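One structure is given here, and the rest of the page talks about it.
The values are calculated or read from the model by the stated rules, or taken from the named source; none is laboratory data. Just so it is clear, the model here is predicted, and its values are computed rather than measured. Please note: Cβ atoms are built from the backbone with ideal geometry, for glycine as well, and neighbour counts cover all protein chains shown. With ligands, DNA and RNA removed, areas are computed over all heavy atoms of the protein, side chains included. Shrake-Rupley method; radii C 1.70, N 1.55, O 1.52, S 1.80 Å.
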Amino acid sequence: MESESLPAGNSPRSLLIKPVSGDCNLNCSYCFYHDRPSDPYRDTGRRLMTDATLTSLIQQGMTLNGSYAAFGWQGGEPTLAGLAFFERAVALQQQYGQPGQIVSNGLQTNGLLLDNSWARFLREYRFLVGLSLDGPALWHDQYRQTANGKPTQVQVLHAWRLLQRYEVETNILTVVNRDTARHPYEIYDYLLDQGGRYLQFIPCVEVDPATGQPTVFSVTPELYGDFLCALFDRWYNHGRPESSIRDFDATLSVYLGQSSPMCCYQPRCGSYVVVEYNGDIYPCDFYVEQNFMVDNLQQITLEEAFISPQVQELAKRKALPRPECAACAWLNLCQQGCPRFIFQGRHYLCSAYQRFWAHSQAAFRSLAGQLGQPDGGSVSASIGRNDPCPCGSGRKYKQCCGRKSR
């Protein structure tokens, strides 16, 4: 059995595991998971997955895809479970794995608890680590603080250096909020200067339960559109990108005639399920709420969970046609986007993505040509600046979503 990242293009059913649920050693203001009012386990004390639950989870997870098994470990902060917990998880994967089976382990962490022992373990078993870093301390420390309000950027950089020293495969995950969205060049250049070459930029969009409106730290569609276009130009680098950015790579996949590897850009949800610390199963990371619970590992198998009514209902919700999407030139790229961002019947970031894909179309076509797909794969949108805007506003494209596009 080999332990490594999955080969590109494979999208097996995967597991997103919360070994300590939403418990965390940080108190990030914008976090959608930690200490949220809808948390089914909010009034529970210390949360830690038992060995019995872990054993059942690993045993079943190793059989979901045959030659591949994919485990994602998140939180909260999953390293709070302790190194011994993950050593046990790997031992169980070895126990229940088949000869030649490839195992993918991904760990999303804030990095504060990582030390030499952790780094040696992550390197030995070829974990793919996602490290949360929002750029220079000026912006990182604004929201990513400890429970008593202390900054964390210096500690995260220490963890990053440790992972580099041990040659642990690492992605940097950066949250794009209302402040960081204004500084795409500074943040991207900073991450590259620190040695980051595999990057993810996640839009921060949270709803204030009291008002039903986006929070003050949520990125606006206008700002996010600006951010994506500017970031893309820096990344494109005259056709010679110096890094991998997940969203851009996913878009390029479609231009190459492939399906997007990101669930938000796929026609349906349902490529993974969430397993909470106590074995409760949910259809999505954004829907860990009581009314979306599938069942518990003690009552249902993972195979049954993937075909459960809850998972199928969420998959149908994403695929349900929306008139404004059916008429959009970019439907084959976004596939109606993530259902979580739909407010009042419309995707909150729709205009941002429309601007970005119009802005980047020529460059993506050029990259696809370099990689052997001269016609841009299945992407055929071509919008003149005097054509009606595909967002359905009734205005000309140059007066609407294309007003800042090249």
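Tabulated values for the structure
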quantity	calculated
Tally, over the range 278-287, of residues that are within 16 Å of the chain's Cα centre (by Cα) and buried (at least 22 other Cβ atoms within 10 Å of the Cβ)	2
Qualifying residue in the range 304-327 (condition: in contact with a Ser or Thr (Cβ under 8 Å, 6 or more places away or on another chain) and either modelled with pLDDT under 95 or surrounded by fewer than 16 Cβ atoms within 10 Å (Cβ to Cβ) (or both))	no
Flag for Gly75 being modelled with pLDDT under 95, in a loop (DSSP other than H, G, I, E, B) and surrounded by fewer than 23 Cβ atoms within 10 Å (Cβ to Cβ)	no
Candidate set: the range 139-172, residues that are hydrophobic (A, V, I, L, M, F, W, C) and crowded, with 20+ Cβ neighbours inside 10 Å; chosen: the one nearest to Phe127 (Cα to Cα)	Val168
All positions within the range 195-243 that are among the acidic types (Asp, Glu), in contact (Cβ under 8 Å) with a residue 24 or more places away in the chain and over 17 Å from Ala358 (Cα atoms)	Glu206, Glu242
Long-range neighbours under 7 Å by Cβ, at least six apart or interchain, first residue free of Cβ contacts under 8 Å to residues at least 40 places away in the same chain and acidic (Asp, Glu) within the range 166-185, second outside any helix (DSSP H, G or I) and open to solvent by 30 Å² or more (accessible area, probe 1.4 Å)	none
Flag if Tyr236 is assigned to a helix (DSSP H, G or I) and surrounded by 14 or more Cβ atoms within 10 Å (Cβ to Cβ)	yes
